[in-house]
Amino acid sequence: MMKRITNIKKLNLIANTIRQDVVKMLYEAKSGHSAGSIGLADIYTALYFSVLYHDPQKPDWPDRDRHVLSNGHVCPVLYATLANAGYFPKKELMTLRKLGSRLQGHPHRGTLPGIENSSGPLGQGLSQAVGMALVAKAEQKKWRVYCMVSDGEQQEGQIWEAAMLAAKYKLGNLTVIMDRNNIQIDGYTEEVVPLEPLTEKYRAFGWHVIDVDGHNIKQIIDACNESRAVYERPTIIIAHTIPGKAVSFMEHRFEWHGKPPSKEDMDKALAELENVRKLIEEEEI
Ligand SMILES: Cc1ncc(C[n+]2csc(CCOP(=O)(O)OP(=O)(O)O)c2C)c(N)n1
Ligand SMILES: [Mg+2]
């Protein structure tokens, strides 16, 4: 069983390492999705180092919590988190998107330990998560399902079908986290197809809704704990994030949705992240 880390400084340092790994992986791969992946480092740290019941040594342990990634293109952050948690050797991260690698550009269940679902086609992961939560409920299991969805995915009809079903079956064992980073492939969500008011929409669909700062690890952990205490209703945590968070030239820029860093970009990003690491060490952040 993975030991829970509660010290926020330690968790912030892990998130910083994950950001550095993602930058290096994407540079090495010469393709992939930078902004969403880097923006999710704090949430993935909270999930795998503090929230989930799981055991990197026993990835198929039947009583583990399940994490379903719906917006599969951000898998570099999931791969980096799994490697840092001990699911597979960190050096394998540098094989991202290479021929024959277990770390494909979109996750493939059955290939890499810790991957619970295949994804890439947007809008489907919530249905996968609802199916898993239904099984856990029917079999009266204690494990929970934590599902990551993006904001761009909210434009897919299938998301709302799954949302209705989760409410109908009173899936209190389902916690969804939405990466509300306001960008999608080629623009701002509110300019492409407006999504707001998201909180009210999910409330109207019968969900418990919590809004958090997606870079505040304590808030993320507290919201996950709150969701565990909500019965008979699924929970969605709307995590307000900054795409590319902590890499100044990527922050808030949809141009970085699907672009990898050049050598120059990587050097600049790693220098900035090294500064952030020092500030965390000195407890300035
Ligand atoms: C069904 C489907 N349509 C289109 C795509 C192509 N696509 C990949 S990522 C993406 C943008 C989705 O928005 P979001 O997940 O919010 O992007 P991010 O915040 O990570 O930039 C699109 C349209 C896809 N993968 N699946
Ligand atoms: Mg987005």
Would you order LEU126, LEU112, LEU99, LEU198 from fewest to most other beta-carbon atoms within 10 Å of each residue's own beta-carbon?
LEU99, LEU198, LEU112, LEU126
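Under a Cβ-only charge scheme (Lys and Arg +1, Asp and Glu -1), can you give me the dipole magnitude of the stretch 109-257 about the Cα centre, in debye to the nearest 20?
Values: 15 positive and 19 negative charges, 176 e Å.
Approximately 840 debye in magnitude.
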If unit charges are put on Cβ atoms (+1 for Lys and Arg, -1 for Asp and Glu) and the dipole of the stretch 8-281 is taken about its Cα centre, the option from GLY86, HIS240, ASN173 lying farthest towards the positive end turns out to be GLY86
How big is the dipole moment of the stretch 8-281 about its Cα centre under a simple scheme where the beta carbon of each Lys and Arg is +1, that of each Asp and Glu is -1, and everything else is neutral? Debye, nearest 20, please.
900 debye
Backbone N within the stretch 1-25 under 14 Å of label point (7 Å from TRP61 Cα along the Cβ vector)
1-5
Please report, in cubic angstrom per residue, the volume enclosed by the convex hull of the alpha-carbon atoms of the stretch 96-146.
82 Å³
For the stretch 204-233 and the stretch 93-122, write down the distance between their C-alpha centroids in whole Å.
28 Å
List, in order, the whole-Hz ³J(HN,Hα) value for each residue of the stretch 206-223 obtained from phi through the Karplus relation with A = 6.51, B = -1.76, C = 1.60 and θ = phi - 60°; use x for Gly and Pro.
x, 9, 7, 10, 10, 9, 9, 7, x, 10, 9, 4, 5, 4, 5, 5, 4, 5
Could you please state, rounded to a whole Å, how far the C-alpha centre of the stretch 135-174 is from the C-alpha centre of the stretch 1-79?
21 Å
Measure nothing but the geometry: give the 0 to 90° angle between the long axis through the Cα atoms of 75-85 and the longest principal axis through the Cα atoms of the chain, rounded to 10°.
90 degrees
Enumerate the whole-percent occupancy of each 10 Å bin, from 0 to the last occupied one, for all C-alpha pair distances of the chain.
7, 31, 38, 20, 3, 0
Stokes-Einstein, Kirkwood over Cα pairs, the stretch 179-231, 25 °C, 0.890 mPa s; D in µm²/s equals 191 µm²/s
The extension gain from GLU264 to LYS278, computed as 0.36 nm times the residue separation minus the Cα-Cα distance, is 2.9 nm
Using alpha-carbon coordinates, inclination of helix 125-138 to the longest axis of the chain, degrees
50 degrees
Relative to the longest principal axis of the chain, what angle (0 to 90°, nearest 10) does the C-alpha long axis of helix 263-281 take?
70 degrees
Once Lys and Arg get +1 and Asp and Glu get -1 on their Cβ, which of GLY72, VAL130, PRO56 lies farthest toward the positive end of the dipole of the stretch 8-281?
PRO56
Among HIS106, GLY157, ASN117, whose Cα projects farthest towards the positive end of the dipole of the stretch 8-281, with charges put on the beta-carbon of Lys, Arg (+1) and Asp, Glu (-1)?
ASN117
Fewest first, what order do MET2, MET178, MET132 take by the number of other Cβ atoms within 10 Å?
MET2, MET132, MET178
Extension gain ASP213-GLU139, at 0.36 nm per residue separation less the Cα-Cα distance, in nm?
23.2 nm
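Coordinate-derived values only; no laboratory data. The structure presented is a predicted model; accordingly, all values stated were derived computationally and were not measured. Cβ atoms come from the backbone with ideal geometry, glycine included; neighbour counts cover every protein chain shown.
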